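Written below as structure tokens is the structure these notes are about.
The values are calculated or read from the model by the stated rules, or taken from the named source; none is laboratory data. Everything numeric here is computed off the predicted structure, so don't read it as measured data. Methodologically, a virtual Cβ is constructed for each residue, glycine included, from the backbone with ideal geometry; neighbour enumeration extends over all protein chains shown. All accessible areas refer to the heavy atoms of the entire protein, side chains included, with ligands and DNA or RNA removed. Shrake-Rupley method; radii C 1.70, N 1.55, O 1.52, S 1.80 Å.
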Amino acid sequence: MTMPDVEKLLSAMALALQDRIAQLPKPPVMIGIHSGGAWVAERLHAALKLQQPLGLLDISFYRDDFEGKGLHPSVKPSVLPFALDDQHVILVDDVVMSGRTIRAALNELFDYGRPASVLLAALVDLPQRELPIQPDVVGIRMDLQPGQRVKLAGPAPLTLTLVHR
Amino acid sequence: MTPTKPHQLQLNEQGQLRHFLTTEGLSRELLTEILDTADSFVSVGRQAVKKVPLLRGKTVVNLFFENSTRTRTTFELAAKRLSADVLNINISASSTSKGESLRDMLWNLEYMDSDMFIVRHGDSGAPHFIAEFVCPHVAVINAGDGRHAHPTQAMLDMYTIRRHKGAFEHLTVAIIGDILHSRVARSQIHALNALGAREIRVIGPKTLIPKDIEALGVKVFYNMAHGLHDVDVISTLRLQKERMESALLPSESEFYRLYGLSTEKLAFAKPDAIIMHPGPINRGVEIESAVADSERSVILNQVNYGIAVRMAVLSMAMSGQNADASNQREDA
């Protein structure tokens with residue numbers, strides 16, 4: 001399977017996001033999920049020339065597998081350099097698969113405040129969803145064989161690779 | 001019953017923390033992991049909802065055999081910010097007055113499905129005893145035992161130093177006062193050694209400095225002018241009133257004159273030296289009021305960092321206990 005060119009996906013996502021932003025009553029803020037989502041968000045944030053600084057979420061404290069997997073040894077601080085109340089948020093991740101990361105990210109967001117709306121943008125959408133969560137803007141939808149995963153390497157250049165487990 | 005060395009007892013087979021009894025024998029990597037994890041928890045204090053769900057559904061018991069409002073409060077806040085349920089038990093007012101043995105009481109608490117004990121005890125080694133022989137499947141955190149150790153205090157001091165001074169390799173740290181009775185000093189010395197501080201000094205009267213303390217890798221000074229020369233970090237200790245009564249010291253005013261951190265004596269240290277104190281402060285005994293309130297004092301920052309550092313220790317120990325439990329399930 002040939003992997004798509006990340007640059008092309010990012011350009012397409014930026015265009016799609018521009019349409020969504022045009023429909024919002026005020027400019028949105030963007031938040032990337034550590035670490036791959038943050039790389040994608042940095043690029044989109046620059047391409048869309050958003051005014052507010054980029055936010056960063058590390059969802060390690062909100063994971064649902066602490067009991068089994070324990071605490072990740074390199075948790076990064078979450079940084080939201082703006083008040084979240086009444087903001088339109090574009091939440092960015094690299095790969096959406098089960099939906100559990102996004103569930104954790106939404107929980108964490110709401111501990112910071114009450115956003116007016118949340119849009120989900122993902123570079124890669126894999127169909128193995130375990131929760132009712134769907135991205136609004138997608139770079140590419142991919143169907144993988146059982147045991148296959150997609151991994152984003154970065155931050156520069158950003159490349160997608162196929163991983164066999 | 002031969003006790004296991006604490007640093008063996010407090011790690012699981014994967015080398016993760018499962019109890020936190022002492023800073024002695026822990027690696028630089030593990031101590032750094034505690035500090036890094038604490039860094040991330042500091043931002044939780046800035047959330048509108050100051051809580052993360054890591055220890056949701058866990059029961060944490062504060063077992064305080066000695067009074068300590070501040071330590072108990074910060075442990076309680078740390079556990080609550082991790083979403084744990086917290087029980088505070090003040091033992092002096094509880095079962096021991098009814099004649100129940102410590103072991104029976106702890107077993108009762110264990111059978112109420114407690115997941116973690118935070119233990120403050122006047123006897124050195126009490127938390128170790130509980131972790132090894134009484135309730136081995138409960139994570140035990142030492143909140144200060146006798147003269148032995150106060151590891152979370154030492155780690156919040158290390159966090160404060162790193163936050164304000166950066167890397168440990170370039171730092172000279174002076175610990176002043178009653179070193180002999182101080183569990184804080186001992187835990188600080190072990191942590192500073194592990195983290196690679198350039199030089200560790202202790203300063204105090206001969207009667208309050210243990211004879212063989214040099215073996216821990218510290219330099220001893222009996223004079224503040226020499227001891228504070230070129231120091232980057234000053235850690236003052238609380239002078240306990242009972243030391244005066246036991247004739248180890250002539251008087252409070254004499255102690256203050258010789259070892260109290262006054263504006264004059266502070267001038268011996270580097271101009272950007274920071275001042276720490278584990279609290280509660282005796283103003284005018286071990287530290288001048290104006291010094292404690294000065295810009296170089298980080299005493300109140302320590303209180304704030306203490307919550308994040310304790311959140312890091314509680315979640316790491318719970319994580320290590322969980323890993324242990326799931327390994328045992330796999331073996332069974």
Pairs with Cβ under 7 Å, 6+ apart, first in region A:148-163 and of a type in the set (Ser, Thr, Tyr), second assigned to a strand (DSSP E or B) and open to solvent by less than 50 Å² (accessible area, probe 1.4 Å)
A:Thr159/A:Ala153; A:Thr161/A:Ala153
When you scan region B:1-21, how many residues do you find that are open to solvent by 20 Å² or more (accessible area, probe 1.4 Å), of a type outside the set (A, V, I, L, M, F, W, C) and in a loop (DSSP other than H, G, I, E, B)?
9
I'd like the full set of residues that are within 27 Å of B:His164 (Cβ to Cβ) and open to solvent by 20 Å² or more (accessible area, probe 1.4 Å), limited to region B:64-75.
B:Ser68, B:Thr69, B:Arg70, B:Arg72, B:Thr73
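Restricting attention to region A:94-110, and to residues there that are of a type outside the set (Val, Ile, Thr) and open to solvent by less than 10 Å² (accessible area, probe 1.4 Å), which single residue is farthest from the other protein chains (Cβ to nearest Cβ)?
Our first condition is that a residue be of a type outside the set (Val, Ile, Thr); within region A:94-110, this holds for A:94, A:97-100, A:103-110.
Narrowing the set further to residues that are open to solvent by less than 10 Å² (accessible area, probe 1.4 Å) leaves A:99, A:104-105, A:108-109.
Details: A:Gly99: 17, A:Ala104: 9, A:Ala105: 13, A:Glu108: 8, A:Leu109: 10 Å.
Only one residue tops the list, namely A:Gly99.
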Within region B:232-250, is even one residue hydroxyl-bearing (Ser, Thr, Tyr), more than 14 Å from chain A (Cβ to nearest Cβ), under 22 Å from B:Thr160 (Cβ atoms) and open to solvent by 20 Å² or more (accessible area, probe 1.4 Å)?
no
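With the condition being open to solvent by less than 10 Å² (accessible area, probe 1.4 Å), I'd like the helices (runs of 4 or more DSSP H) fully within region B:261-332 carrying at least 3 qualifying residues.
Values: elements: B:263-266, B:289-292, B:299-331.
Hits in region B:261-332: B:299-331.
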Within region B:33-63, how many residues turn out to be at the interface with another protein chain (Cβ under 10 Å from one of its Cβ atoms) and either exposed (fewer than 14 other Cβ atoms within 10 Å of the Cβ) or not hydrophobic (A, V, I, L, M, F, W, C) (or both)?
16
Select the helices (runs of 4 or more DSSP H) contained entirely in region B:101-176, then report the ones holding at least 1 residues which are within 30 Å of B:Phe268 (Cα to Cα), in contact with a Pro (Cβ under 6 Å, 6 or more places away or on another chain) and in contact (Cβ under 8 Å) with a residue 24 or more places away in the chain.
B:151-165
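Evaluate region B:76-87: report whether one residue or more is of a type in the set (Asp, Glu), away from chain A (no Cβ under 14 Å), within 16 Å of the chain's Cα centre (by Cα) and part of a helix (DSSP H, G or I). Walk me through it before giving the result.
Within region B:76-87, the first condition is being of a type in the set (Asp, Glu), and the residues that meet it are B:76, B:85.
From what's left, away from chain A (no Cβ under 14 Å): B:76, B:85.
Imposing the further condition that a residue be within 16 Å of the chain's Cα centre (by Cα) reduces the set to B:76.
After this cut, where a residue has to be part of a helix (DSSP H, G or I) as well, the list is B:76.
Scanning region B:76-87 turns up at least one residue that is of a type in the set (Asp, Glu), away from chain A (no Cβ under 14 Å), within 16 Å of the chain's Cα centre (by Cα) and part of a helix (DSSP H, G or I).
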Tally of residues being at the interface with chain B (Cβ under 7 Å from one of its Cβ atoms) and open to solvent by 10 Å² or more (accessible area, probe 1.4 Å) across region A:62-73
6
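Checking the condition in the same structural domain as B:Ala126 (by TED's automatic domain parsing), open to solvent by 40 Å² or more (accessible area, probe 1.4 Å), among the acidic types (Asp, Glu) and without any contact (Cβ under 8 Å) to a residue 40 or more places away in the chain, which residue from B:Glu29, B:Glu24 passes?
Values: B:Glu24 fails: without any contact (Cβ under 8 Å) to a residue 40 or more places away in the chain.
It is B:Glu29.
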Read through the list (1) of a type outside the set (Asp, Glu); (2) surrounded by 18 or more Cβ atoms within 10 Å (Cβ to Cβ); (3) touching a residue at least 60 places away in the same chain (Cβ under 8 Å); (4) in a loop (DSSP other than H, G, I, E, B), then give the number of the only condition that A:Lys26 fails.
(2)
Between residues in region B:179-207 that are assigned by TED's automatic domain parsing to the domain that holds B:His229 and residues that are in a strand (DSSP E or B) and charged (D, E, K, R), which pairs lie under 7 Å by C-beta distance while being six or more apart or on different chains?
B:Arg183/B:Asp145; B:Glu199/B:Lys219; B:Arg201/B:Lys219
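Keeping to region A:80-93, report how many residues are facing another protein chain (nearest Cβ under 10 Å) and surrounded by 16 or more Cβ atoms within 10 Å (Cβ to Cβ).
Start the filter on region A:80-93 by keeping residues that are facing another protein chain (nearest Cβ under 10 Å), which leaves A:80, A:83-85.
Adding the requirement that they be surrounded by 16 or more Cβ atoms within 10 Å (Cβ to Cβ) leaves A:80, A:84.
Residues meeting the conditions: 2.
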